[in-house]
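Derivation of every value follows stated rules applied to the coordinates shown; laboratory data play no part. Remember, predicted model here, so these are calculated numbers, not experimental data. A quick note on method: Cβ atoms are made from the backbone with ideal geometry, for glycine too, and the neighbour counts reach across all protein chains shown.
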Amino acid sequence: MDKNRNNIFFTIFVGLVIFSLVFMGFVSSFRLAKKEYDVFPRETDHILGDLNKAKIVVIEYSDFECPACQSFYPRVKSLKEKYKDEVVFIYRHLPLIEIHPKALMAAQAAEAASKQGKFWEMHNLLFEKQAEWKNSPNPKELFLSYAKTLNLDLDKFKKDFENQEIKEKILNERSEALKFGLQGTPSFFVNRKLVTLTSYDSLEKEIEKELANQK
């Protein structure tokens, strides 16, 4: 009787172990199959690279006042150079206006510069000089000085800075990001898959993985 009971318990135990292994494998497979978001390049985007030739599209949602975004900036900049023939990089705005009161103005400065073909140049300056303008009581004056450094038409820059269409574009991109469930910056999509940032190398690892999948 005891022997039969032990056999039953052993069989149940083995069954539970097998079920657990199968279930863990299913969960792992589910995690590996990342969700694809409805995030595609569009005409209004700031695009670095050739969409007709690139194998990978990286879309970044970022905030110019965000310390983490500023920390990632040099790394992302180096990836843009390293993968310039294989990857398109797109920048979109996600100003965290609840905690970064000057982020929206910085985004306006970048968009105003884009009206004169200098988005990426202003983008770089805003991150490189973040400590300067974020701690200034009058960041607009500093944005104007950056525009002057870039040899922009200052009157046009000031007019575009206040343009309502620019503000709407920024806030629409922000709303879109929130609909995707993005809660922090920077956030990156690689070929429509959201990257889990666990280190500064996470983005490059995801790019390499996508490139390997396409060989």
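Worth a mention:
- Inter-probe distance in nm under a simple model that places probes 7 Å from Cα toward Cβ, at Lys80 and Lys35: 2.9 nm
- Ordering Leu104, Ile90, Asn138 by Cα displacement along the dipole of the range 83-181 toward the positive end leaves Asn138 in first place; charges were set at the Cβ atoms of Lys, Arg (+1) and Asp, Glu (-1).
- The distance separating the Cα centre of the range 174-202 from that of the range 102-160 comes to 25 Å.
- Averaged over residues, the count of other Cβ atoms within 10 Å places the peptides 133-144, 53-64, 184-195 in the sequence 53-64, 184-195, 133-144, highest first.
- With 0.36 nm allotted per residue and the present C-alpha distance subtracted, the Glu165-Ser202 stretch has 9.9 nm of extension available.
- Entries in Lys35/Lys102; Lys118/Lys159; Lys35/Lys179; Lys53/Lys148 that, when Cα-Cα distance is taken, lie over 25 Å: Lys35/Lys102; Lys53/Lys148
- Charge dipole of the range 26-135 (Cα centre as origin; +1 on each Lys and Arg Cβ, -1 on each Asp and Glu Cβ, all else neutral): 260 debye, rounded to the nearest 20.
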